[in-house]
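Participant: Just passing along the structure, written as structure tokens.
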Amino acid sequence: MDRGSLSYSHPVRKRTMHDSTTIPRRRAILVAAFMLAAVLPASVRAAETYPVRPIRVIIPFGAGGGADLVGRLIASHLSDRLGKQLVPDNRTGAGGVIGTDIASKATPDGHTLLFVPASFTMQPSLQKLPYDPVKAFTPIARVGKGSFVLVVTPSLPAQTMKEFIAHVKQNPGKLFFGTAGAGSSAHLFIELFKLMADVDFNVVHFKGGGQQVADLLGAHSHGTMISLPAVRAHIASGKLKALATTASERTVFLPDVPTLAEAGVPGYNAIVWWGMLTPTGTPDAVIRRLDSEIKNVLALDTVKKLLGNQGVEAHYQGSADFKVYIASEMRSWARVVEKGNIKLR
């Protein structure tokens, strides 16, 4: 045999169906892995790069009220922590509903926040809302709590709560109490007081606490229930008389003023609180960043003192617990509204 004519061949393996699907499958896995790698770091980096521009903080009540004063204080110090300015935006009307509705429609990227008082949990029981308060928002943190105070004009012939109740009963339907808006905390607190004290007087609604206080100082109305930040200076100057506070225990900011429960309305207990929300859909990493920074802000002695000067106790409650608290408050006020047959007028 001619050696040079010899040829060698390697055995050829037939391609199976398994072989024909292996390459596409591997490609699919690689593509999926690449996409996952691209997405996950973006969500993780969100908290690190946030915020990329100034943050709008919608306060659904007017300037000068408790929500406005507390909200601006928190926004100012949170700006320092985040490195971008938080810009308060007062959007008043309908007891906070108008501003809250605007916030519910904002892009959920953490650059529009909503600062709310306790009335956020009262409105759902009073009227049909243009938004779902549970589904439209994610709680970030509760920042403070306090007691409302029942104040009257100095010209009113009553030095104590018992004297005030007696005066109202002698003059049914003749007195006027102002609120920050229909469905506001003041509105519900006043209606609860009327129900439990069995008294009758008129309730007038304004577009925010500032107008409410101005009307009272001008002697156009006779009294109100309101958060301490809005009236503490006027109480100290003697322009308004504080007859009682609304919480179950006396506030350290007005230690000589009795609670309503002590002063003649047994069982009365209502507190006000403030907190920050964000439109649902905001990245979790951004919510965690905001929650953490608010906690840091509230730990500052300067902030505690500034809040205390307004009659507010710094009180941090994180996102998860705040969500549970809001749900509980909604159930509680729903019972009050139903029992008292409270209607918006």
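Participant: Near the amide H of Asp89, under 5 Å away, which other amide H atoms are found, from residues 5 or more places off or on another chain, if H is placed in the peptide plane?
Facilitator: Under 5 Å from the amide H of Asp89: Val57, Ile58, Ile59.
Participant: Right, something else. Taking only DSSP H segments of four or more residues, each worth -39500 (n - 2.57), what value at 222 nm results for the chain once the sum is divided by all its residues, to the nearest 500 deg cm²/dmol?
Facilitator: -14000 deg cm²/dmol
Participant: Within 10 Å of each candidate Cβ there may be at most 15 other Cβ atoms; applying that plus a DSSP loop requirement, which trypsin sites (Lys or Arg not before Pro) in segment 163-220 survive?
Facilitator: In loop regions of segment 163-220 (DSSP not H, G, I, E or B), the sparsely surrounded trypsin sites (Lys or Arg not before Pro) are Lys174.
Participant: If you take every residue apart from Ser328 with its C-beta less than 15 Å away from the C-beta of Ser328, what net charge results, scoring Lys and Arg +1 and Asp and Glu -1?
Facilitator: +3
Participant: DSSP H helices in the chain with Cα extent of 30 Å or more along the helix axis and mean Kyte-Doolittle hydropathy at least -0.5?
Facilitator: Membrane-span-like by this rule: 17-49, 319-340.
Participant: Quick one: compute the contact order of the chain, relative version, from alpha carbon pairs under 8 angstrom and 6+ residues apart, as a percent.
Facilitator: 25
Participant: What FRET efficiency comes out for Arg81 versus Ala236 if R0 is 41 angstrom and r is the Cβ-Cβ distance? Round to the nearest 0.05.
Facilitator: 0.85
Participant: Could you please report the charge total around Val87, scoring K, R as +1 and D, E as -1 over all other residues with beta-carbon less than 12 angstrom from its beta-carbon?
Facilitator: +3
Participant: Given charges of +1 on the Cβ of Lys and Arg and -1 on the Cβ of Asp and Glu, with all other atoms neutral, how large is the dipole of segment 56-345 about its Cα centre, in debye to the nearest 20?
Facilitator: The dipole of segment 56-345 has a size of about 240 debye.
Participant: Quick one: pull the percentage of alpha-carbon pairs in the chain with a separation above 31 Å.
Facilitator: In whole percent, the share of Cα-Cα pairs in the chain beyond 31 Å is 41.
Participant: Note down the net charge around Ala242, summing +1 for each Lys or Arg and -1 for each Asp or Glu among other residues with Cβ under 13 Å from its Cβ.
Facilitator: Here the charged neighbours net out to +3.
Participant: Can you say what percent of the DSSP beta bridges in segment 56-345, counting only those with both residues inside, are antiparallel? Round to 5.
Facilitator: In segment 56-345, approximately 65 percent of DSSP beta bridges are antiparallel ones.
Participant: Modelled label-to-label distance, Glu329 and Lys343, 7 Å Cα→beta-carbon offset: nm?
Facilitator: In this crude spin-label approximation the distance works out to 2.7 nm.
Values in this text are rule-based calculations from the coordinates and carry no lab data. None of these values were measured; they are calculated from a predicted model. Note that each Cβ is placed from the backbone with ideal geometry, even for glycine, and that neighbours are counted across all protein chains shown.
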